Amino acid sequence: MKTTTNILLFIFILSFQSCMQETNWNQYLGPNRNAIASGENILRSWGEDGPKELWSFPLGEGYGGVSIFDGEVFILDRKKGEKDILRCIDLDSGDEIWNYSYDAIGEFPYPGSRAVPTIEKKYIWSVGPYGDLYCINKKTHQPVWNINLVEEFEGKYTNWGFSQSPIIYGDLVIVAPHGKKAGVTAFNKLSGELVWKSRALTGINFHASPTLANYGGLDQVIMISSYDRKDSTVFNEVVSFEANTGKELWEYEGLYSYGNITPPTVIDDKRLLLTDCSYNGNYDPVSIMLEITDEGGDFIVKELFFTEEAGSKMHPAVLFEDHLYLNHTKKPDHMKCLTLDGEVVWGRESAPGFDLGALILIDGLIINQNGNNGDIHLIEPSPEGYKELGKASFFDSKKSQAWAPLAFSKGKLIIRDLEKMVCVDLQNP
């Protein structure tokens, strides 16, 4: 009887910890890095006034999204031309609790922050547009360690700066410097010691962050590099490294992207979706489903489908009930729904366009943000067609460019444009 009680208690503790983790949007694209929130209910429809705005907070120009951990919102903000500013803001009130800044002189076109911090109980890891990787102590609000990825690994800035959202894997923090000395790197997350580094990648550094997946029973870090339209010796690749050691596992060269931003969508333990809108030298869409299998220690990569009928330039597709939903980025730029076989079941004139806005799946519903004006739309995902359940506006800037990824925790959605971020209540009418 005592043994049974202990087992039940252990299961309860694991379940409780899992639920706690799900309520934290602790990194880019959420707990599982797939833009899906689970474990919370939200309103299934909105009135004419839409959901309620709880607070707003002014920001410098930028495109970096937020992470949320234990009721605190973290964002890497930027003072134009001068410094990066890591801000900690109370989720309930919108009041700033503390901030830490460091000098990062200069500016790129489309100025501002680019990436999303990664959070654990005691520490924060972030990468600024000039390649500054910092580990910050949440209690002291001071750096534990920091390194410049561009300088350390002989990297090169693109026209729009550096964009990396770190992955925490056990004791490691993993980022992609994309330099001559290393393509992907793993550091001890608390000491900053380099644990492993990969070979240099074949392509140029653009704006993709690494993705964590598991194929053949091995945890893998997947990275995309883009080809150079002006240099035929610099070519595209999608490449995988073992997360623990950095050992190269497989590569794929069929994406033909010259400006990749969108990370892959992990479908399951065999399939990986690639999507982009800088295909084969033009501003054209493409989506590719790969099957990745381990055959006697060698990984085999096979194309399951290849379509030019759908592709997203900036944000990954979300998966719901064996269908994929994405913001197609080719005029006309409609939202689209695809089967896992690559068939477009709706999109074209049957759904509105959302430009470079982000999607998030919460409680079986999609929130899609219009990248032009920041409006958010509540959508019921269904292969039967586009079904909008509500729409709301929170921004009035003439240069909105609401391109940041969305974040959700404890019933609250965080959205931003170039001037502010807004906290929206999705649970209470």
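Values quoted throughout were computed directly from the atomic coordinates according to the rules given, and no laboratory measurement underlies them. All values derive from a computational prediction rather than experimental measurement. Glycine gets a Cβ as well: all are built from the backbone with ideal geometry, and neighbour counts include every protein chain shown.
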> So which GluC sites (Glu not before Pro) in the stretch 280-348 are both in a DSSP loop and have at most 11 other Cβ atoms within 10 Å of their Cβ?
Replying inline: E321
> Which loop trypsin sites (Lys or Arg not before Pro) in the stretch 83-122, with loop taken from DSSP, have no more than 16 other Cβ atoms within 10 angstrom of their Cβ?
Replying inline: K121, K122
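Considering only DSSP beta bridges whose two residues both sit in the chain, what percent are antiparallel, to the nearest 5?
Values: 116 of 119 bridges.
Percent antiparallel among DSSP bridges in the chain is about 95.
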> Along the principal axes of its C-alpha atoms, what lengths does the stretch 354-429 span, in descending order and rounded to whole Å?
Replying inline: 35, 27, 19
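List the relative contact order of the chain as a percent without decimals, with contacts defined as Cα pairs under 8 Å and 6+ residues apart. Display every interim value, and only then the final one.
Details: 1211 pairs, mean separation 60.5, N = 429.
Relative contact order, the chain: 14 percent.
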> What whole-number value in cubic angstrom gives the convex hull volume per residue for the C-alpha atoms of the stretch 121-268?
Replying inline: 111
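Compute the normalised compactness of the stretch 284-331: alpha-carbon radius of gyration over 2.2 N^0.38 Å, N being the residue count. Present the calculation step by step, with values, prior to reporting the outcome.
Values: Rg = 13.4 Å, N = 48, 2.2 N^0.38 = 9.6 Å.
Taking the Cα Rg and dividing by 2.2 N^0.38 Å, one obtains 1.40.
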>> So if the hydrodynamic radius of the chain is defined as the Kirkwood radius over C-alpha pairs, what does Stokes-Einstein give as its diffusion coefficient at 37 °C and 0.692 mPa s, in µm² per second?
In response: 150
> Can you give me the Cα centroid spacing of the stretch 265-284 and the stretch 305-335 in angstrom?
Replying inline: 9
> Taking the stretch 144-184 as the region of interest, what is the percent of Cα-Cα pairs per 5 angstrom bin, listed from the shortest bin to the one with the maximum distance?
Replying inline: 6, 22, 28, 27, 13, 4, 1
> If you place +1 on the Cβ of every Lys and Arg, -1 on the Cβ of every Asp and Glu, and leave all else neutral, what size is the dipole of the chain about its Cα centre, to the nearest 20 Debye?
Replying inline: 860
> So, how do all the Cα-to-Cα distances of the stretch 63-200 break down into 5 Å bins, in percent, from 0 on up?
Replying inline: 2, 11, 21, 24, 20, 14, 6, 2, 0, 0
> So, in Å, what gap is there between the alpha-carbon centers of the stretch 342-419 and the stretch 164-183?
Replying inline: 30
> What pairs in K138/K391; K139/K420; K330/K420; K270/K336; K247/K313 have C-alpha atoms more than 31 Å from each other?
Replying inline: K138/K391
>> Taking the Cα centroid of the stretch 20-60 and of the stretch 218-260, what is the distance between the two, rounded to the nearest whole Å?
In response: 31
> Hey, what's the Kirkwood Rh for the stretch 274-429 if you take every pair of different alpha carbons, in angstrom?
Replying inline: 16.4
> How big is the shadow of the Cα convex hull of the stretch 207-314, averaged over all directions, in nm²?
Replying inline: 6.6
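Defining a contact as two alpha carbons under 8 Å apart and six or more residues distant in sequence, what relative contact order in percent does the stretch 267-390 show?
Details: 308 pairs, mean separation 19.6, N = 124.
Relative contact order here is 16 percent.
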